[in-house]
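Written below as structure tokens is the structure these notes are about.
The values are calculated or read from the model by the stated rules, or taken from the named source; none is laboratory data. Fair warning: this is a prediction, and the values are worked out from it, not measured in the lab. When we count neighbours, we look across all protein chains shown, and the Cβ atoms used for this are built from the backbone with ideal geometry, even at glycine.
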């Protein structure tokens with residue numbers, strides 16, 4: 001997957017759910033985002049009241065997921081090549 005992303009540099013659209021990533025891949029969700037952040041600008045796709053053009057750091061995305069009010073937060077994200 002890393003080779004494909006490096007070679008073709010597509011815009012990616014994906015759902016980010018920290019608990020699902022951790023339970024299915026034994027990968028730390030923050031590490032996953034930090035790896036993507038090396039080559040991609042990450043943005044929240046559908047956050048009400050949020051400027052979707054503003055790139056978000058992995059730490060900001062983890063904080064958004066940690067906000068109270070949801071049992072299992074899922075973010076729809078886009079990644080644009082740097």
Tally up the residues in the stretch 1-16 that are at pLDDT below 90 and either within 15 Å of residue 32 (Cα to Cα) or surrounded by 10 or more Cβ atoms within 10 Å (Cβ to Cβ) (or both), please.
4
Kindly indicate whether any position in the stretch 62-69 is surrounded by 11 or more Cβ atoms within 10 Å (Cβ to Cβ), within 23 Å of residue 5 (Cα to Cα) and at pLDDT 85 or above.
yes
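Collect the residues in the stretch 5-20 that are part of a helix (DSSP H, G or I) and within 11 Å of the chain's Cα centre (by Cα), keeping them in residue-number order.
We begin by selecting, within the stretch 5-20, every residue part of a helix (DSSP H, G or I); these are 5-8, 18-20.
Passing the criteria: only 18.
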